[in-house]
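To start, the structure itself, in C-alpha cells.
The values are calculated or read from the model by the stated rules, or taken from the named source; none is laboratory data. Quick caveat: nothing in here was measured; it's all calculated off a predicted structure. Neighbour counts run over all protein chains shown; Cβ positions are idealised from the backbone, glycine included.
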Amino acid sequence: MNILKKPKVFLISGPSGVGKDTVIDIIKKEYTNFHYVITAVTREPRQNEKNGLNHFFLTDNEFTNLIKNNQLLEWSKVYKNYYGVPKDQIYKPLNEGKNVLLRVDVQGAKKIKEILPDIIMIFIQPESIDSIKNHLLAREIKSESDIKTRLDSFESEMKYSKHFDHIITNIEHKIEYVVSDVKDIIDAHI
C-alpha cells in the first residue's frame, strides 16, 4: 500500500551574499513539482529580477496593506526595506499536496519556525566573511554603507545558525557540494 506523505516545508537561510539564490536556482531544475515561495519586498529589483518571479516588488503602502489585512505569514524590516512571506505562498501549495521551499533571512526563519514547527531549516554559511564581502561587491549593492550594514549583521546571523536543523558550508567555487547536501536533506524528508 502506498501511503502519501504529508507535504513538507523547507527553509533556506544564511547571511546575505552566501549563495542562497544560486542554490535554489539549481534545485528548481530538479525538483520541478515543488512550490518555490515568492516573497514580497519593497526594495528595487536588481538587474535581471522580475516582479512575480523573483519577488513581488511592492511600494511601502502596498506592503503595509498586506500587514493590515493579515496576509503575511511573517515580515521584517531589513536593510531599510520590508520583506515578507505571503500566507498564500505557503498554505495554498501545501493544501494542494505540494512540498514548499522558501528563502528568508534568519529573522524571518526564527518567526516562521514558531508558526510552522515542523519546517525543515537549512542554514548555508560561508567559508569566510571575505567570501561574503566579495559576493556583495559583485552584486548590485549600491553603496559602501549597504555593504557595511550587511557585513555588520553577519556575526549575529551566524550565531543564530545553531537553531537550524542543518548547517552547510559553502566553500568558494564549490556550490555543487552545497546543492548536493541540500538535495540529500530534501530526499531524506520527502
Any residue at all in the range 37-46 that is assigned to a strand (DSSP E or B) and of a type outside the set (A, V, I, L, M, F, W, C)?
yes
When the range 55-81 is checked residue by residue, the ones that are more than 27 Å from residue 7 (Cα to Cα), touching a residue at least 24 places away in the same chain (Cβ under 8 Å) and either touching a Pro at 6+ places or on another chain (Cβ under 7 Å) or β-branched (Val, Ile, Thr) (or both) are 78
Considering only residues that are part of a loop (DSSP other than H, G, I, E, B) and modelled with pLDDT of 95 or more, look in the range 73-110 and name the one that is nearest to residue 57 (Cα to Cα).
87
Name every residue in the range 53-68 that is assigned to a helix (DSSP H, G or I) and surrounded by 16 or more Cβ atoms within 10 Å (Cβ to Cβ), in order of residue number.
63, 66
Taking the criterion of being part of a helix (DSSP H, G or I), among the charged types (D, E, K, R), under 22 Å from residue 11 (Cα atoms) and at pLDDT 90 or above, would at least one residue in the range 134-153 satisfy it?
no
Options 97, 84, 52, 108; residue that is touching a residue at least 24 places away in the same chain (Cβ under 8 Å) and more than 26 Å from residue 161 (Cα to Cα)
97
Residue 34 fails exactly one of the following numbered conditions: (1) more than 23 Å from residue 157 (Cβ to Cβ); (2) surrounded by fewer than 19 Cβ atoms within 10 Å (Cβ to Cβ). What is the number of that condition?
(2)
Any hit, the range 13-22, residues being crowded, with 20+ Cβ neighbours inside 10 Å, modelled with pLDDT of 95 or more, of a type in the set (A, V, I, L, M) and under 16 Å from the mean Cα position of the chain (by Cα)
no
